Every structure is written in structure tokens, then in C-alpha cells.
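See structure below.
Coordinate-derived values only; no laboratory data. Everything numeric here is computed off the predicted structure, so don't read it as measured data. All Cβ positions, even for glycine, are placed from backbone atoms using ideal geometry, and neighbour counts span all protein chains on display.
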Amino acid sequence: MKPTDLSLVSTIRERCRVCYTCVRECPAKAIRIAGGQAEVIPSRCIGCGSCVLVCSQGAKRVLSSVEDVNGLLRSGARVAACVAPSFPAEIGDRDVRHMVGSLRKLGFSLVCEVAFGADLVAHAYRELLAQRPRDTFIATACPAIVNFVERYHPDLMPHLAPIASPMLATARALRARYGADTKIVFIGPCIAKKGEAATLTGEDRIDAVLTFRELRDMLGSAGIGTSEVILSDFDPPRAGLGGVFPLPRGSLQTAGIDEDLTCNDVVSADGRAAFPEALQEFSAGALNVHLLELLCCRGGCVMGAGMSVALPPFARRAHISRHVQSQRASFDRAAWSTEMDQLHDLPIGRSFQTASQTLPTPSPDEIRTIMIEMGKFGPDDELNCGACGYDTCRAHAVAILRGLAEDEMCLPYTIERLKKTVQKLDLSNTKLASTQQALVQAEKLASMGQLAAGIAHEVNNPLGVVLLYAHILLETCTKDSTQSKDVAMIVEQADRCKKIVSGLLNFARQNKVVLLPTRIADLVERSLRGVAVPAGIEVVVEHQDPAASADVDADQIRQVLTNLLTNAVAAMPAGGRLIVRSAVNDEQVLLAVADTGVGIPKENMKRVFEPFFTTKQMGRGTGLGLAVSYGIVKMHRGNIRLKSNADLSAGPTGTTFTVTLPRFEQREESTSFLAPEDEAPKDAR
């Protein structure tokens, strides 16, 4: 299997909350966001496990080797457990012999230290640097670093030190000592080791790789506890100083190589932020070193994603240091030297294969297009907040063009879109509320229409008889007599009842709207002629376009204007100013009637269009004028709005009724008559 085909880490979709933390932490940018889900791309993944460590939802699943190892243990073959030198950080204060005994009880024939392989590798580095003093090398002990170079810096492939990793060196040593048929299971903190093992074949093969977390699961499933284990030591070959290999600069100390800051010929870096920068500078020629020692995990291998403990970095480092010190106390240098001499001719070299995943850089125009789509029109809009998982807005745009990201990942962009959506919803809610209000009013009008029709039917005929005989009686009575005054009162009140019934009939009548071209100025003029305006009231008429016309039912709209004008005059008993305005645009006509009268109190403004509601004195109004006007305007597919102030402390008092109607019959119905007042025709403001 090619390493690029192996899916080391996958996403559990139902747990992924799309927080983009894994995108941010992945040094290889091997995570694609598609359809709101994070997906690890196997060909780009270097196996560092950063996404596993930072995912708070446990949405990242590591490729399991448990079944493979169980199969090896059941096969009857000699199986060697090769334990990475980071194991002291995993077991903490437990006795090392407990761990070794647990592995033997699990079924392993041999339990060996990979730290011995680290000793072999350190010796090989010391010889390589001595033999080729003018060459520059990148250490290859960390498989994630090797993967990164193979995929993203193929230009640096010649600089990869041709030396096997401690895992591979240990496998070669064990097969040289115990036989070529020995099965090798590496146990350590590194997910990338699974990918490295997939590239090894033949006598170099690693039969399986377990993380410490997987090992704990296997021990738990087998019911193996520390109290049930026979204490045991590692099988030879025993390790020397290779125990510090999992720490930053540990390989340098094991090899006896000094990182002399005054010479700068050896540079060490660790962590997802530091190692890509070091490689970038190395590629650009800005880092002229003899050896570049890199570890992918910040703090070294003891911080690998395969660790199962929650200890902080320096506590893990302390466990490594204590174990190496304790090992030194009983270290048999002579036996170690003998082992090293016996394996002097063991091949420690290794070759590497390019698996380039470099993508073409998009053009500036392509990047600019994406930036504009995300609302970033200039440098001031590029916040570089990192919420998307990319360091800069431009890096995010490049990722979008490469198919690795989506524009919705940009938090400011998403917030702005949400604001616009909220504004649209608010406008829709406003329109809906207005429509609901209109429906409620229409329902009231319909109910009152039925009531009015019933009243007219039952009252009109007997009322006519009363009026007829009242007028006959009035004619027979002596003028100025008491009887004449009483009958005159009957006639007056009966006439008033007749007017009320007549208003009810008009209210109940289901008139059809007959739309005809009508000159707006003529309509206003005829309406004013039908209203008696007292001498103390100044009338002002303002037409935006005196020649403008609209398709309306002239008689019905004149009735609306007459009602509004009559109410305006009644609101100014002490005189004032009556203003009539008209304005038009391509779609609408606006008619406004304003007065400087007493105004309408706030508590009454919601009721003015209700049938039979009136603020006039008893006997001076039926309360049907505005209700009828409302119905006429709605039949014209228009809207009528009210603004009024009755509080002198809040400013001049007065009332303005604004009627908005569609201007032409053949045009589509405009919804703007349901919009807030600031959407009235612009020329009429």
C-alpha cells in the first residue's frame, strides 16, 4: 500500500461540530471542509495527530491495529513488542517491570527497547556528519517530518539523512539476533509510525504498530491488571543513552552532537509552528546548517497523539529523565558495547520516495475574486482573525480555490450574512404583521358589513314610516308651539338615524373598483369643493406633478379624500392649516392630508379605523368614515397610514393621513404599500 492511500485519521461526522480547530492545528493543511464537515485527506495527511489532540468533541478516529496484533499473537509465531523510549511518560511512576510483564502476559514472546535502535541511529548520525562535513542534512527519526518533506518540500528530498528511524533499526537488530521470521510490533506514542510501517516490506517490515492508547485498550479487554503480572525485564539488546531520544535535542545528546549556538551548524526545532518555518527557511537557503533536527510534536515524542495520559509536558519529560538516570545506575556498558559491536555491520541506511502534494498557486485575480465574494474589498477588510483555521484571509482564499475550504468558514463574513438575513427576516416580519393587521381589519369589516346589512334591512323600512308621519305631524302643528318643537325634535333625530342607516348601507355595499385614468390634481380639487372649510383654516395644496394621473376609481377615492378632509377640518375648531399633497413615481401615487389640529391621542391611534369608533361629540359623527375609507383603499390594493401628535410637550400637534395606491392597473402589484413609512415614494418625502 502506498503511504498516500492509507487513511490514518478519519472524522466521525456525527460528532464533528465544525469548529475549524483541526484545520488551524494541522501543519499540512490536510483537512478539507466540505458541506460543513471536516474531512482528513489521506494523501495530504502526515500522521502528526494534531487534529486528534485538539478535537474536544472526540470526532477524530485513529486507524486501529488491535485486530492485526491479536491475529499475530494467536498465530503462534514469535512476536516481539518493540516499546518506544517514550514509555516512561506513559506509565508514570509504575515499575517498568510491570509493563514488561503485562506485555508478556498479553502473549508477546519478546519485549525489547526501541531505545537500543536509537543508540544505533545516533551512532550512524555521528559517522555521517563526520564523513560528509560539507553536506547539509535533515534528521529522519520523526516519520511525520519525513512525510512533510516528501509531500510539501520535494526539493529538500536530497537533504533527508539516509538513516533509518529507531523503529526500523530496532526491527533489523531483532531479526539479526532472533531470526528473520520474528514478527515485529512497534508500540509507541506516534500515529505517523503506522504510515511509516506501511512503506516497509521484506526483512524491513513492521508487522503492526500500536499506540499506547491502543495497548491500554488491549490490556483492559484482556483483564490484565498490574497486580496479576509477573515482574519482568526487557529482553536484550539493552539500551544506553537512547532513552532520551523522544525529547527535543535528545537525538543530539545520544549522538554526542553539540548544538553550538556560536557555530549554528546544528539547529533543533519542534512543534507544528516551528518545524514548517525551519524547513521553509532551509529551502530558501536562509538556514545554512550541517544538521537540522526536527520533531513534529511540540515538546517531543512524549506529546504524541498516541499517548493515553493527561500529564503536562514537563511532567512527562521528568519521567523520561528519571528513567534514564535510574537505568544509568545499573547500566552494563561492557554488555552494551558488545551488542553494538556485534551489530556494527547492520545496515542502518534508508531511502525515501517523493509523494508530492504541492498544489499550484492561484493567480492574484482568482484570489481577489474570492476575497470580494467574502466581502473583503481591501486590506482594511482583511482581519486575519484566524477563526477559519487559516492564518490569513488570503491563505483562506487560496484554500477555497484549492477545494480545501468554504467561504462560510470566515466568521466576519458569516456574521455579516447573518445580519443581512436578520434584516430580511425583520422586514418580512414587518410585512407579515402589516398583512395580519389588514386581515384582522378586513375580518372586522366583513363582520360589521353583515351586521350593517341586517340593521339596514330591519330598520330602514320602519324608519321611513316614522319619518313620513313625523313630517305630516310637523306640517299640521302650529308654528312655534311646544307640540311643533317636540315633533321637530322627532324629525331631527329620525333624520339622524336615516343618515346612520345610509352610512351602514354604504359600508355594507360590496362595491367593485372601476379603475380609470384620473388626473390627481382634479381629484383633489373636486374633493375640496365638497367640504365646507371655515374661514379660519388656511388650505394649502401641493402637487409634485400637477399633470400626473393614475388608474383609480375616482368616486371612491374622492369619498376617501372627503372623509379625511372633513375630519381634518373638525380637528381644527380654532382654525389652523390644512395641507393636501400629492406625489407620484413609476409605480405608486401618494395622497397626504395633514392638519395642525388637536391630534389623536396615542391610545386611540390603533382604533381609528374600527367601525363606529369616533372621538367626535355625540351626534356629530357615526364612526364609519375612516372604516369605509380603509376598505376602499384596500380594494385599490393600497395602504393608508397615520401619524399624529396630541402632546404639546412633544412638539406641534396635528395629524397626517397618507394614502398610497398603485398608479397603473396593468403593472404588477407592488408590495411597498405594506412596507414601513421610509419606503414611501422618494419624491414625496
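Summary table below
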quantity	calculated
Too-long pairs where the Cα-Cα distance tops 27 Å, listed order kept, from Lys431/Lys602; Lys420/Lys606; Lys431/Lys643; Lys420/Lys643; Lys29/Lys420	Lys420/Lys606; Lys420/Lys643; Lys29/Lys420
Listed residues Ser649, Val114, Leu231: farthest to the positive end of the dipole of the chain (Cβ charges)	Ser649
For the chain, average projected area of the Cα convex hull in nm²	51.1
10 Å Cβ shell holding at most 12 others, DSSP loop, GluC sites (Glu not before Pro): longest site-free stretch of the chain	15-667
Whether segment 287-427 is rounded, prolate or oblate, judged on the alpha carbon gyration tensor where a/c under 1.5 counts as rounded	prolate
Cut-off 11 Å, label 7 Å out along Cα→Cβ of Arg78, residues of segment 99-143 by amide N	109-110
Contact order normalised by residue count of the chain, Cα under 8 Å, 6+ apart, percent	11
For segment 195-241: rounded, prolate or oblate by the Cα gyration tensor [a/c cutoff 1.5]	oblate
Aspartates and glutamates whose Cα lies under 15 Å from that of Lys424, excluding same-chain neighbours fewer than 8 positions away	Glu416, Glu679
Sequence-distant residues sharing a close amide H with Leu160 (under 5 Å, placed H)	Ile138
At 1.002 mPa s and 20 °C, Stokes D of segment 320-369 from Kirkwood alpha-carbon radius, µm² per second	128
Per-pair calculated FRET efficiency, R0 = 60 Å: Ala335 and Thr369 via Cβ, rounded to 0.05	0.30
Simple label model, 7 Å out from Cα along Cβ direction - Asp545 to Ser64, nm	7.7
Antiparallel content of DSSP bridges confined to the chain, in %, to 5	55
Net length gained if the chain between Lys431 and Ser321 were fully extended (0.36 nm per residue, minus Cα distance)	32.4 nm
Mean residue ellipticity (222 nm) of the chain, computed from DSSP H runs ≥ 4 via -39,500 (n - 2.57), nearest 500	-13500 deg cm²/dmol
Förster radius 45 Å - calculated FRET efficiency between Ser481 and Lys606 (Cβ-Cβ, nearest 0.05)	0.35
Full-stretch length increase - Gln423, Asp135 - with 0.36 nm per residue and alpha-carbon distance subtracted	97.3 nm
Simple Cβ-charge dipole of the chain, Lys/Arg +1 and Asp/Glu -1, about Cα centre, in debye nearest 20	1340
For segment 364-409, diffusion coefficient by Stokes-Einstein and Kirkwood Rh (Cα), 4 °C, 1.567 mPa s, µm²/s	126
Dipole axis of segment 3-54 (+1 Lys, Arg; -1 Asp, Glu on Cβ), positive-most option in Val9, Gly49, Gln37	Gln37
